[in-house]
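Colleague: Quick one: structure below, then a few questions.
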Amino acid sequence: MVKSAQARKQRKAQYNAPTHLKSRMVASHLSDELMKEYKRRSARVVRGDTVKVVRGDEDIVGLEGKVTDLDLGSGRVYIEGVTIAKADGTMEARAIHASNLVIVKLETKDAWRKSRLQKKEVSA
């Protein structure tokens with residue numbers, strides 16, 4: 001996707017990318033079991049996937065939960081049960097970048113997604 005080696009041009013391309021390309025950028029590695037099953041390293045993160053936090057602050061590393069929302073603009077994911085306290089004491093959902101997650105369980109209700117995962121497996 002990115003043709004330039006300059007970081008500023010890469011950031012600009014990522015920021016100005018259309019939505020269908022931004023959704024492709026919100027991807028995470030698969031767990032070891034899923035990697036063996038689907039014969040691929042990563043997949044797009046979608047609502048309903050169960051993910052595990054592998055990088056970040058020590059209070060959130062190791063937490064698992066379902067994806068509740070995605071922010072395609074920033075490439076961040078909101079996970080059930082991962083919150084941060086605001087100044088007034090209320091808890092708010094915490095955004096975590098997709099690269100800091102590992103997908104533990106895939107949401108396979110979408111037939112198209114299921115076929116895409118299987119397609120890669122057949123061609124390998």
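The values are calculated or read from the model by the stated rules, or taken from the named source; none is laboratory data. The structure displayed is predicted, hence computed values, not measured ones. A quick note on method: Cβ atoms are made from the backbone with ideal geometry, for glycine too, and the neighbour counts reach across all protein chains shown. The protein model used for the area step is the full one, side chains on, heavy atoms only, and it has no ligands, DNA or RNA in it. Shrake-Rupley method; radii C 1.70, N 1.55, O 1.52, S 1.80 Å.
Colleague: Is it the case, given these coordinates, that Arg116 is open to solvent by less than 70 Å² (accessible area, probe 1.4 Å), under 16 Å from Leu30 (Cβ atoms), basic (Lys, Arg) and out of contact with any Phe, Trp or Tyr (no Cβ under 7 Å at 6 or more places or on another chain)? Steps first, please.
Modeller: Numbers: open to solvent by less than 70 Å² (accessible area, probe 1.4 Å): no; under 16 Å from Leu30 (Cβ atoms): yes; basic (Lys, Arg): yes; out of contact with any Phe, Trp or Tyr (no Cβ under 7 Å at 6 or more places or on another chain): yes.
Considered against the rule, which asks whether it is open to solvent by less than 70 Å² (accessible area, probe 1.4 Å), under 16 Å from Leu30 (Cβ atoms), basic (Lys, Arg) and out of contact with any Phe, Trp or Tyr (no Cβ under 7 Å at 6 or more places or on another chain), Arg116 comes out as no.
Colleague: Any residue in region 57-69 that is in contact (Cβ under 8 Å) with a residue 60 or more places away in the chain sitting within a Cβ distance under 7 Å of a residue that is assigned to a loop (DSSP other than H, G, I, E, B) and open to solvent by 80 Å² or more (accessible area, probe 1.4 Å)? List the pairs, counting only those 6 or more apart or interchain.
Modeller: Listed pairs, sorted by first residue: none to list.
Colleague: Right, something else. For residues that are under 16 Å from Val46 (Cβ atoms) and open to solvent by 50 Å² or more (accessible area, probe 1.4 Å), tally how many sit in region 59-71.
Modeller: The first filter runs over region 59-71 and keeps only residues under 16 Å from Val46 (Cβ atoms), leaving 65-71.
Then drop every residue that is not open to solvent by 50 Å² or more (accessible area, probe 1.4 Å), which leaves 66, 68-69, 71.
Result for region 59-71: 4.
Colleague: Related question: Can you tell me how many residues within region 45-56 are touching a residue at least 60 places away in the same chain (Cβ under 8 Å) and either assigned to a strand (DSSP E or B) or among the aliphatic types (A, V, I, L, M) (or both)? Explain how you work it out, then say what you get.
Modeller: Here is the first cut: in region 45-56, the ones touching a residue at least 60 places away in the same chain (Cβ under 8 Å) are 46-48.
Those left that are additionally either assigned to a strand (DSSP E or B) or among the aliphatic types (A, V, I, L, M) (or both): 46.
Counting residues in region 45-56 that are touching a residue at least 60 places away in the same chain (Cβ under 8 Å) and either assigned to a strand (DSSP E or B) or among the aliphatic types (A, V, I, L, M) (or both) gives 1.
Colleague: Tell me which residues, restricted to region 16-29, are loosely packed, with under 13 Cβ neighbours inside 10 Å and either among the basic types (Lys, Arg) or free of Cβ contacts under 8 Å to residues at least 12 places away in the same chain (or both). Give the derivation first.
Modeller: From region 16-29, those loosely packed, with under 13 Cβ neighbours inside 10 Å are 16, 18-20, 24; that's our starting set.
Asn16, Pro18, His20, Arg24 - these are the residues of region 16-29 that are loosely packed, with under 13 Cβ neighbours inside 10 Å and either among the basic types (Lys, Arg) or free of Cβ contacts under 8 Å to residues at least 12 places away in the same chain (or both).
Colleague: Output the residues belonging to region 77-103 that are in contact (Cβ under 8 Å) with a residue 40 or more places away in the chain and open to solvent by 50 Å² or more (accessible area, probe 1.4 Å).
Modeller: Going through region 77-103, the residues in contact (Cβ under 8 Å) with a residue 40 or more places away in the chain turn out to be 77, 96, 98-103.
Correct list: Ser99 only.
Colleague: Another question, then. Take the conditions open to solvent by 60 Å² or more (accessible area, probe 1.4 Å), modelled with pLDDT of 95 or more, under 19 Å from Gln118 (Cα atoms) and among the acidic types (Asp, Glu) and apply them to Asp32. Does it pass?
Modeller: Values: open to solvent by 60 Å² or more (accessible area, probe 1.4 Å): yes; modelled with pLDDT of 95 or more: yes; under 19 Å from Gln118 (Cα atoms): yes; among the acidic types (Asp, Glu): yes.
For Asp32, the condition - open to solvent by 60 Å² or more (accessible area, probe 1.4 Å), modelled with pLDDT of 95 or more, under 19 Å from Gln118 (Cα atoms) and among the acidic types (Asp, Glu) - is met.
Colleague: Any residue at all in region 9-23 that is part of a strand (DSSP E or B) and not hydroxyl-bearing (Ser, Thr, Tyr)?
Modeller: No: region 9-23 contains no residue that is part of a strand (DSSP E or B) and not hydroxyl-bearing (Ser, Thr, Tyr).
Colleague: What strands (runs of 3 or more DSSP E) completely inside region 72-118 contain at least 1 residues that are farther than 19 Å from Arg40 by Cβ? I'd like the intermediate steps shown before the answer.
Modeller: Working: elements: 76-85, 91-97, 101-105.
The qualifying strands (runs of 3 or more DSSP E) are 76-85, 91-97.
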